[in-house]
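The values are calculated or read from the model by the stated rules, or taken from the named source; none is laboratory data. Worth saying up front: this structure is predicted, and the values here are computed from it rather than measured. Methodologically, a virtual Cβ is constructed for each residue, glycine included, from the backbone with ideal geometry; neighbour enumeration extends over all protein chains shown. The protein model used for the area step is the full one, side chains on, heavy atoms only, and it has no ligands, DNA or RNA in it. Shrake-Rupley method; radii C 1.70, N 1.55, O 1.52, S 1.80 Å.
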Amino acid sequence: MKFKAENIKVPIDILTKTNPREAVIRVLKLQENDVKNFEILHCAIDSRFHKTTGIYYVYHVRFDYPRVIRNKKISEINHENQTEIITAQDRKKETVLIAGTGPGGLFAALRLIEYGFAPILLERGRDLEDRIRDVKQFWDGGQLNTESNIQFGLGGAGTFSDGKLRSRIKSPLTRYVGERFVEFGADPSVLYMGKPHLGTDILRKIIANMKHYIETQGGEIRFDSKVTDLIIDNKELKAVTVNGDTEIPCSKLILAVGNGARDTFEMLDRRDVAMSAKSFAVGVRAEHPQELINRYTYGTYNGHPLLPGAEYQLTFRDTESDRSVYSFCNCPGGFVINASSEENGIAVNGMSFSKRNAFNANSAIVVNVTPEDFEEDSVLAAIDFQRKIEQAAFRLGGSNYHAPAMSIASFLGTESSVSTKPTIQPDYTKADITKCLPTFVSLSLENAIYAFSKQIEGFETGVLTAPETRTSSPVRIVRNAETMESVNIRGLYPVGEGAGYAGGIISSAVDGVKAVDKLVEFSDKL
């Protein structure tokens with residue numbers, strides 16, 4: 001008989017003496033020898049009540065047991081709902097192009113290979129090792145390469161990130177994506193941990209493995225190959241232009257660019273591809289000693305060997321501006337990074353390695369922005385909004401890609417003898433960051449951070465680095481909800497974060513897989 005048990009709380013101290021399987025079985029009061037095929041479906045840390053009842057690991061599990069179990073926490077599995085996923089079939093090998101090699105593009109390629117296709121991926125940036133060298137050179141004080149940086153190159157922006165494998169979307173494909181990550185080198189725990197992450201070091205190895213597999217299966221990745229135009233006839237895609245001079249015949253293009261591909265959005269607008277402006281968020285990166293965040297989260301359990309570097313989640317509703325302010329994309333034990341991709345502009349982000357053992361924790365703290373905030377009523381007005389902030393930050397930092405930074409105490413107008421040192425490279429400049437942010441953003445941040453400082457003791461000892469502008473795509477490339485094809489250009493399939501339909505590695509990867517399934521399902525030419 002098959003059973004599942006959910007929300008099984010195991011005190012962390014028990015797990016120092018035994019393994020999760022034995023601990024869960026003990027809590028459920030089952031005969032250990034009778035439990036077969038034990039599987040952890042989900043695992044998360046609950047530290048909300050550490051001051052009174054301690055810290056728990058919370059498990060969802062399933063297992064086989066030879067007899068009926070009378071326990072309210074345990075239920076029998078009669079059947080499991082499964083969504084049908086199209087599987088590979090023999091089909092005509094029409095060439096499908098993919099623009100972009102972030103999660104959306106790579107997983108679209110992997111899915112196409114399952115169907116028997118040999119996709120061609122067009123990547124404006126460079127291969128992994130070349131890209132890593134270009135980024136390092138920039139961070140060491142060298143010149144910014146506008147086509148090979150944090151935004152562009154094999155793996156997309158996620159290559160230089162915390163490598164979070166978490167998502168709020170409800171799709172059976174999230175499991176499929178997770179399993180493929182494991183296939184290419186991720187630890188199996190990413191399939192059940194509540195807040196799984198890879199770290200930039202592990203993610204780079206996985207991306208290299210994916211590239212190798214795609215090429216061994218007949219796929220091709222062309223680097224330094226930017227899609228600069230679409231050849232459209234009677235609302236139907238006929239070809240793409242690469243680097244302004246090379247035309248590739250194409251009736252199917254999966255457009256999986258990142259949210260920093262502003263010139264691509266401008267090209268699509270010129271070609272009258274249906275797009276709309278969308279809301280996003282802008283703000284700053286906050287850094288604090290990891291120890292401070294650990295103490296806030298874990299209390300007296302801080303330092304426990306089974307507890308990872310802590311994250312925090314803060315939200316605030318600014319009644320003065322009627323805007324939401326929230327922490328976003330925590331990177332425990334990580335670094336703030338210079339994620340610039342345009343000349344004379346600065347954008348920052350967060351990154352960490354798999355061990356998350358650096359001194360500082362960092363997190364974006366951002367304010368919601370809507371199309372009503374833009375100076376013009378146009379699809380591309382949001383890009384102008386972002387760009388003005390980034391260019392103002394560039395000037396404020398000294399016009400040398402040094403990011404402007406400011407202690408939280410100074411930002412709040414208070415005094416503090418202690419302040420966290422920024423980690424960003426090539427360097428930072430002490431400056432009043434409000435001078436590069438819109439007034440409504442600065443005021444909402446000030447109100448929120450003042451409240452956060454009351455919530456987390458020592459929060460005011462942190463430092464803010466500006467600006468965080470690339471939280472999500474500023475546009476949405478409008479597509480048919482059923483077919484995932486552009487609503488007005490046949491053969492164009494916009495997917496992932498840049499297209500405005502995902503937010504992170506997992507959701508972007510799922511979107512790429514879904515697009516391929518729909519492309520095959522609804523195409524009458526394959």
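Below is a table of values for the structure above.
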| item | result |
| --- | --- |
| Region 185-273: C-alpha pair distances exceeding 19 Å, % | 57 percent |
| Burial order of peptide ranges 248-255, 64-71, 516-523 (average beta-carbon count within 10 Å, highest first) | 248-255, 516-523, 64-71 |
| Exposure ranking of PHE328, PHE440 by accessible area [1.4 Å probe, largest first] | PHE328, PHE440 |
| Residues of region 172-298: accessible area per residue with a 1.4 Å probe, Å² | 40 Å² |
| Rounded accessible area of ARG295 (nearest 10 Å², 1.4 Å probe) | 120 Å² |
| Label point distance in nm, GLU236-GLU6, each placed 7 Å from Cα along Cα→Cβ | 4.8 nm |
| Length gained when the stretch ASP384-ASP245 is fully extended (0.36 nm per residue, less Cα-Cα span) | 47.3 nm |
| Virtual paramagnetic centre 7 Å along Cα→Cβ of VAL58, amide N under 19 Å, in region 270-299 | 297-299 |
| Highest-first arrangement of 214-220, 191-197, where packing means the average Cβ count within 10 Å | 191-197, 214-220 |
| Viscosity 1.306 mPa s, temperature 10 °C, Stokes-Einstein D of the chain from Kirkwood C-alpha radius, µm²/s | 65 µm²/s |
| THR228 long-range amide H proximity, modeled H, under 5 Å | THR241, VAL242, ASN243, GLY244 |
| Region 496-526-region 295-362 distance, computed between alpha-carbon centres (Å) | 29 Å |
| FRET efficiency estimate (nearest 0.05) - Cβ-Cβ, LYS73 to ASN480, R0 45 angstrom | 0.55 |
| Accessible area of the chain belonging to carbon and sulfur atoms, whole % at 1.4 Å probe | 46 percent |
| Largest to smallest accessible area among ASP162, ASP34 [probe 1.4 Å] | ASP34, ASP162 |
| Bins of 5 Å, starting at 0 and running to the largest distance - Cα pair percent for region 158-206 | 5, 24, 32, 27, 11, 2 |
| Positive-pole candidate from VAL190, TYR213, PRO422, dipole of the chain, charges at beta carbon | VAL190 |
| Rounded to the nearest 10 Å², the accessible area of LYS235 at probe 1.4 Å | 110 Å² |
| Within the chain, helix-based [θ] at 222 nm, where runs of 4 or more DSSP H residues each add -39,500 (n - 2.57), nearest 500 | -8000 deg cm²/dmol |
| Share, in percent, of DSSP beta bridges within the chain that are antiparallel, nearest 5 | 80 percent |
| Size of region 1-65 as Cα extents on the principal axes (Å, biggest first) | 39, 20, 15 |
| Rh by Kirkwood over Cα pairs, then Stokes-Einstein D for region 397-452 at 1.306 mPa s and 10 °C, µm²/s | 130 µm²/s |
| Kirkwood Rh (inverse of mean 1/r, distinct Cα pairs), region 307-449, angstrom | 16.3 Å |
| DSSP H segments from the chain that extend 30 Å or more along their own axis, Cα-based, with Kyte-Doolittle mean of 1.6 or above | none |
| Sorted peptide list for 127-133, 25-31, 490-496, criterion being average Cβ within 10 angstrom, highest first | 490-496, 127-133, 25-31 |
| Taking the chain and dividing mean pair separation by its residue count, relative contact order in percent (alpha carbons under 8 Å, at least six apart) | 17 percent |
| For GLY260, residues with placed amide H under 5 Å, excluding near neighbours | none |
| Average projected area [Cα convex hull, region 329-397], square nanometres | 5.9 nm² |
| q = 0.15 Å⁻¹: log10 I(q)/I(0) that the Debye formula gives for region 417-526, counting C-alpha atoms only | -0.80 |
| Per-selection Rg to Rh, region 120-197 - Cα, Kirkwood hydrodynamic radius | 1.07 |
| Per-selection metrics, region 275-378 (Cα): Rg and Dmax in Å | 16.8, 54 |
| Linear extension gain, LYS430 paired with ASP224, 0.36 nm per residue minus alpha-carbon span | 70.5 nm |
